[in-house]
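Working notes, beginning with the structure itself.
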Amino acid sequence: MNNSTQNHYMAEALSEAKAAAQRGEIPVGAVIVDGATGEIVARAGNETEASSDPTAHAEMIAIRKACTARNTPRLAACDLYVTLEPCPMCATAISFARLRRVYFGAYDPKGGGVEHGPRIFSQPTCHHQPETYGGIDEQASSSLLRDFFKDKR
(Lines give C-alpha, C1' and ligand atoms only; values in the text may rest on other atoms or scores of the structure.)
Protein backbone atom coordinates (compact mmCIF):
# COMPACT_ATOMS: atom_id res chain seq x y z
CA MET A 1 0.00 0.00 0.00
CA ASN A 2 1.38 3.42 -0.88
CA ASN A 3 1.89 6.31 1.52
CA SER A 4 -0.85 8.51 0.08
CA THR A 5 -3.42 5.75 0.66
CA GLN A 6 -2.19 5.24 4.22
CA ASN A 7 -2.30 8.98 4.83
CA HIS A 8 -5.85 9.19 3.45
CA TYR A 9 -7.17 6.60 5.89
CA MET A 10 -5.14 8.02 8.77
CA ALA A 11 -6.69 11.41 8.01
CA GLU A 12 -10.10 9.79 8.39
CA ALA A 13 -9.03 8.33 11.74
CA LEU A 14 -7.70 11.76 12.80
CA SER A 15 -11.08 13.27 11.92
CA GLU A 16 -12.70 10.79 14.32
CA ALA A 17 -10.11 11.66 16.98
CA LYS A 18 -10.84 15.39 16.62
CA ALA A 19 -14.56 14.74 16.96
CA ALA A 20 -13.87 12.71 20.12
CA ALA A 21 -11.85 15.62 21.56
CA GLN A 22 -14.74 18.00 20.87
CA ARG A 23 -16.96 15.66 22.92
CA GLY A 24 -14.46 15.74 25.79
CA GLU A 25 -13.09 12.28 25.07
CA ILE A 26 -9.41 11.41 24.80
CA PRO A 27 -8.78 12.09 21.09
CA VAL A 28 -8.27 8.68 19.57
CA GLY A 29 -9.97 7.74 16.32
CA ALA A 30 -10.12 4.59 14.24
CA VAL A 31 -11.35 3.40 10.86
CA ILE A 32 -11.59 -0.13 9.53
CA VAL A 33 -11.04 -0.50 5.79
CA ASP A 34 -11.87 -3.39 3.47
CA GLY A 35 -8.47 -4.36 2.10
CA ALA A 36 -9.87 -5.44 -1.28
CA THR A 37 -12.19 -2.53 -2.08
CA GLY A 38 -10.77 0.31 0.02
CA GLU A 39 -14.22 0.96 1.48
CA ILE A 40 -14.35 2.28 5.03
CA VAL A 41 -16.44 -0.34 6.80
CA ALA A 42 -16.55 1.33 10.23
CA ARG A 43 -15.32 4.43 12.01
CA ALA A 44 -15.27 5.51 15.63
CA GLY A 45 -13.74 7.76 18.22
CA ASN A 46 -13.31 7.13 21.92
CA GLU A 47 -16.57 7.07 23.90
CA THR A 48 -15.43 6.01 27.37
CA GLU A 49 -16.73 9.12 29.14
CA ALA A 50 -20.05 9.37 27.32
CA SER A 51 -20.88 5.71 27.81
CA SER A 52 -19.22 5.27 31.23
CA ASP A 53 -17.54 2.26 29.69
CA PRO A 54 -13.79 1.68 30.07
CA THR A 55 -13.85 -0.62 27.03
CA ALA A 56 -15.30 2.04 24.71
CA HIS A 57 -12.00 2.70 22.97
CA ALA A 58 -12.12 3.76 19.33
CA GLU A 59 -10.68 0.42 18.17
CA MET A 60 -13.19 -1.63 20.15
CA ILE A 61 -16.16 0.36 18.85
CA ALA A 62 -14.90 0.22 15.26
CA ILE A 63 -14.38 -3.55 15.50
CA ARG A 64 -17.91 -4.03 16.86
CA LYS A 65 -19.39 -1.86 14.10
CA ALA A 66 -17.41 -3.63 11.36
CA CYS A 67 -18.34 -7.08 12.64
CA THR A 68 -21.99 -6.07 12.78
CA ALA A 69 -21.83 -4.59 9.26
CA ARG A 70 -20.17 -7.74 7.93
CA ASN A 71 -22.25 -10.11 10.10
CA THR A 72 -19.10 -11.96 11.16
CA PRO A 73 -16.81 -12.03 14.20
CA ARG A 74 -13.72 -12.04 11.99
CA LEU A 75 -12.38 -9.29 9.75
CA ALA A 76 -9.54 -11.12 7.99
CA ALA A 77 -9.67 -8.98 4.85
CA CYS A 78 -9.76 -5.68 6.75
CA ASP A 79 -7.19 -3.20 7.99
CA LEU A 80 -7.37 -0.93 11.03
CA TYR A 81 -6.10 2.65 11.07
CA VAL A 82 -5.91 4.17 14.54
CA THR A 83 -4.31 7.38 15.76
CA LEU A 84 -2.63 5.84 18.82
CA GLU A 85 -0.81 2.56 19.38
CA PRO A 86 -3.47 0.11 20.59
CA CYS A 87 -3.52 -0.72 24.30
CA PRO A 88 -3.28 -4.36 25.42
CA MET A 89 -7.09 -4.73 25.54
CA CYS A 90 -7.51 -3.40 22.00
CA ALA A 91 -4.55 -5.40 20.68
CA THR A 92 -6.13 -8.58 22.01
CA ALA A 93 -9.46 -7.69 20.38
CA ILE A 94 -7.63 -6.97 17.11
CA SER A 95 -6.09 -10.43 17.27
CA PHE A 96 -9.43 -12.07 18.02
CA ALA A 97 -11.05 -10.16 15.12
CA ARG A 98 -8.25 -11.44 12.83
CA LEU A 99 -7.64 -8.01 11.33
CA ARG A 100 -5.12 -8.24 8.51
CA ARG A 101 -3.08 -5.10 9.21
CA VAL A 102 -2.86 -2.40 11.86
CA TYR A 103 -1.61 1.08 11.02
CA PHE A 104 -1.22 3.46 13.94
CA GLY A 105 -0.10 7.04 14.40
CA ALA A 106 1.46 7.90 17.75
CA TYR A 107 3.48 5.41 19.74
CA ASP A 108 2.36 4.94 23.36
CA PRO A 109 5.31 4.00 25.59
CA LYS A 110 3.15 4.12 28.73
CA GLY A 111 -0.05 2.36 27.67
CA GLY A 112 0.66 0.69 24.34
CA GLY A 113 0.31 -3.02 23.84
CA VAL A 114 1.84 -3.53 20.39
CA GLU A 115 5.32 -1.97 20.30
CA HIS A 116 5.41 -1.29 24.05
CA GLY A 117 4.24 -2.98 27.24
CA PRO A 118 3.17 -6.59 26.80
CA ARG A 119 3.58 -6.59 22.98
CA ILE A 120 0.48 -8.71 22.57
CA PHE A 121 1.15 -9.75 18.98
CA SER A 122 4.57 -11.13 19.91
CA GLN A 123 3.28 -13.43 22.67
CA PRO A 124 3.27 -17.19 22.00
CA THR A 125 -0.36 -17.29 23.20
CA CYS A 126 -1.47 -14.81 20.51
CA HIS A 127 -3.41 -16.77 17.90
CA HIS A 128 -3.25 -14.14 15.15
CA GLN A 129 -0.54 -11.56 14.54
CA PRO A 130 -1.55 -8.83 12.10
CA GLU A 131 1.05 -6.91 10.19
CA THR A 132 1.69 -3.68 12.10
CA TYR A 133 2.97 -0.32 10.94
CA GLY A 134 3.52 2.48 13.43
CA GLY A 135 4.25 6.15 13.06
CA ILE A 136 1.78 6.85 10.23
CA ASP A 137 1.19 10.64 10.47
CA GLU A 138 2.66 10.40 13.95
CA GLN A 139 3.16 14.15 14.35
CA ALA A 140 -0.53 15.00 13.84
CA SER A 141 -1.68 12.23 16.18
CA SER A 142 0.82 13.17 18.89
CA SER A 143 0.00 16.89 18.64
CA LEU A 144 -3.71 16.23 19.00
CA LEU A 145 -3.15 14.19 22.16
CA ARG A 146 -0.60 16.62 23.61
CA ASP A 147 -2.87 19.63 23.02
CA PHE A 148 -5.86 17.84 24.53
CA PHE A 149 -4.03 17.03 27.75
CA LYS A 150 -2.36 20.46 27.92
CA ASP A 151 -5.83 22.07 27.80
CA LYS A 152 -7.03 19.72 30.57
CA ARG A 153 -4.30 20.84 32.98
Exercise for the section: Quick one: dipole size for the chain, taken about the Cα centre, charges +1 on Lys/Arg Cβ and -1 on Asp/Glu Cβ, in debye to the nearest 20. Expected result: 240 debye
Exercise for the section: Rounded to the nearest 10 degrees, what's the angle between the helix 88-97 long axis and the longest principal axis of the chain, both from Cα atoms, 0 to 90? Expected result: 30 degrees
Fill in the blank from the handout: For the chain, percent of DSSP beta bridges that are antiparallel (nearest 5) comes out at 55 percent
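As a test of the formula, what do you get for the chain when each DSSP H run with n ≥ 4 contributes -39,500 (n - 2.57) and the sum is divided by the residue count, at 222 nm and rounded to the nearest 500 deg cm²/dmol? Intermediate results must be reported in sequence, preceding the final value.
Working: 5 runs with 62 residues, N = 153.
Counting only the DSSP helices, I get -12500 deg cm²/dmol.
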Practice task
Give the Debye-formula value of log10 I(q)/I(0) at each listed q (0.17 Å⁻¹), with one equal scatterer per alpha carbon of the chain, two decimals each.
Solution key: -0.90
Problem - the chain: relative contact order in percent, alpha carbon pairs under 8 Å with at least 6 residues between - result: 20 percent
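Any idea what diffusion coefficient the range 70-129 gets from Stokes-Einstein, in µm²/s, Kirkwood Rh on alpha carbon pairs, 20 °C, 1.002 mPa s? Display every interim value, and only then the final one.
Values: Rh = 11.5 Å.
Answer from the Stokes-Einstein relation: 186 µm²/s.
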Practice task
Kindly sort S142, S15, S95, S52 by accessible area of their heavy atoms, largest first, with the probe set to 1.4 Å.
Solution key: S52, S15, S142, S95
Problem - Rounded to 10°, Cα long-axis angle of helix 138-152 versus longest principal axis of the chain - result: 40 degrees
Problem - Restricting the range 41-126 to trypsin sites (Lys or Arg not before Pro) in coil, as DSSP defines it, with at most 12 other Cβ within 10 Å - result: K110
Practice task
Would you work out what percent of the accessible area of the chain, with all protein chains in place, is carbon or sulfur (probe 1.4 Å)?
Solution key: 49 percent
Problem - Viscosity 1.002 mPa s, temperature 20 °C, Stokes-Einstein D of the range 1-56 from Kirkwood C-alpha radius, µm²/s - result: 181 µm²/s
Completion exercise
Of the listed links K65/K110; K18/K152; K65/K150, those spanning more than 23 angstrom between alpha carbons are K65/K110; K65/K150
Handout entry: Where only C-alpha atoms are counted, convex hull volume of the range 31-109 per residue in Å³
Key = 86 Å³
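Using Cα pairs under 8 angstrom and six or more residues apart, how large is the relative contact order of the range 13-64, in percent? Please list the in-between numbers first.
Details: 104 pairs, mean separation 16.4, N = 52.
Rounded, it is 31 percent for the range 13-64.
The values are calculated or read from the model by the stated rules, or taken from the named source; none is laboratory data. Computed from a predicted model, the values in this text were never measured in an experiment. Note that we place each Cβ from the backbone using ideal geometry, even for glycine, and neighbour counts take in every protein chain shown. These area figures cover heavy atoms from the full protein model, side chains too; ligands, DNA and RNA do not enter into them. Shrake-Rupley method; radii C 1.70, N 1.55, O 1.52, S 1.80 Å.
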